[in-house]
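Read the structure below first, then the notes.
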């Protein structure tokens with residue numbers, strides 16, 4: 001509160017809380033009443049909230065994060081480093097399209113909307129949200145009009161169960177551990193069926209290759225964490241997270257935890273893993289060279305059946321793989337071995353692999 005001399009009197013403790021309650025309550029009720037009476041006023045509030053959040057948020061996910069430049073041409077899509085190919089958007093869209101009965105999909109953390117664009121090319125009604133104004137301003141042509149600002153921590157601008165599938169590819173690890181339960185609950189709220197997520201994880205994985213600590217914890221702490229064994233679930237303390245050249249957590253990764261820890265957080269939100277789907281997908285992640293990069297979770301609401309009987313026509317699958325050149329590069333034999341170690345020697349039965357010259361499986 002401002003005193004007569006122009007100085008600022010700091011109100012703290014119970015006085016500050018009482019002042020906030022006295023002011024915030026009536027203001028909130030008035031805004032809510034106005035929004036109910038007028039659609040235009042409600043829209044004004046939504047736009048104002050978005051712009052305020054944009055103004056207050058940190059600038060981590062702007063041009064530098066994506067390898068862009070501050071004054072990038074408005075008509076440039078993505079950046080030289082962050083493209084539809086490098087973000088593996090086609091592989092992600094293929095995964096959703098092939099194994100899930102998806103008609104309406106939300107991509108949370110959509111960045112430039114490459115996954116949204118790819119899904120829409122497959123006839124799926126896809127939308128995306130992200131916190132990066134830079135990414136949204138340089139969205140893929142096929143995603144424009146279908147991506148918007150949205151912050152997972154503050155509630156997404158969609159009604160309950162608005163989508164068949166909600167995706168979060170390489171997104172949840174960017175949140176601090178205390179924020180994870182609320183964020184996962186928000187993903188669960190928005191889907192009527194399934195959640196697909198990839199999250200850097202460590203430890204054993206019941207449905208595919210496990211994860212590791214390398215490039216997740218500081219090198220000088222690596223042996224310590226390896227010695228903890230499978231009983232350690234994390235999350236890794238902030239001070240032990242792997243750092244970039246600026247001394248910040250690499251790529252903004254704030255929550256590094258085990259498969260068991262993430263599975264428990266999804267369970268807390270009422271989601272269970274689709275074991276059969278995950279096991280079906282992992283051999284194909286090896287085909288696409290993604291075993292080392294994508295720690296996969298496919299989840300569902302308990303009342304929704306696991307889509308074990310969902311099948312795409314084999315001719316359609318083959319045509320899409322040709323169209324997007326999926327599975328055309330030689331696989332890494334180590335990836336194949338890691339999948340077989342968990343799923344058994346028949347994991348790749350019926351799957352054509354392109355092997356490096358002189359290699360056999």
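Considering only residues that are surrounded by 19 or more Cβ atoms within 10 Å (Cβ to Cβ) and in contact with a strand residue (DSSP E or B) (Cβ under 9 Å, 6 or more places away or on another chain), which ones fall in the range 270-283? Hits for the range 270-283 are 271, 273, 274, 277, 278, 281, 282. Condition check: closer than 30 Å to residue 324 by Cβ, touching a strand residue (DSSP E or B) at 6+ places or on another chain (Cβ under 9 Å) and surrounded by fewer than 23 Cβ atoms within 10 Å (Cβ to Cβ). Does residue 166 satisfy that? Considered against the rule, which asks whether it is closer than 30 Å to residue 324 by Cβ, touching a strand residue (DSSP E or B) at 6+ places or on another chain (Cβ under 9 Å) and surrounded by fewer than 23 Cβ atoms within 10 Å (Cβ to Cβ), residue 166 comes out as no. Within the range 165-181, the set of residues being free of Cβ contacts under 8 Å to residues at least 12 places away in the same chain and within 29 Å of residue 305 (Cα to Cα) is empty. Please tell me if residue 106 is closer than 18 Å to residue 184 by Cβ, touching a strand residue (DSSP E or B) at 6+ places or on another chain (Cβ under 8 Å) and at pLDDT 90 or above. Answer is yes for this residue. Elements of the type strands (runs of 3 or more DSSP E) sitting completely within the range 72-191 and holding at least 2 residues that are closer than 26 Å to residue 282 by Cα and in the same structural domain as residue 274 (by TED's automatic domain parsing): these cover 104-108, 125-130, 163-169. Taking the criterion of being within 21 Å of the chain's Cα centre (by Cα) and either surrounded by fewer than 14 Cβ atoms within 10 Å (Cβ to Cβ) or farther than 12 Å from residue 200 by Cβ (or both), the only residue of the range 218-236 that qualifies is 233. Every condition in (1) within 30 Å of residue 303 (Cβ to Cβ); (2) not in a helix (DSSP H, G or I) is met by residue 215 except one, and the failing one is (1). I'd like to know if the range 216-235 contains one or more residues that are without any contact (Cβ under 8 Å) to a residue 60 or more places away in the chain, at positive phi and touching a helix residue (DSSP H, G or I) at 6+ places or on another chain (Cβ under 7 Å). Checking the range 216-235: at least one residue is without any contact (Cβ under 8 Å) to a residue 60 or more places away in the chain, at positive phi and touching a helix residue (DSSP H, G or I) at 6+ places or on another chain (Cβ under 7 Å).
Among the residues of the range 137-155, those identified as out of contact with any helix residue (DSSP H, G or I) (no Cβ under 9 Å at 6 or more places or on another chain) and modelled with pLDDT under 90 are 137, 138.
The values are calculated or read from the model by the stated rules, or taken from the named source; none is laboratory data. The structure displayed is predicted, hence computed values, not measured ones. Reconstructed Cβ throughout: ideal geometry from the backbone, glycine too, with neighbour counts over all protein chains shown.
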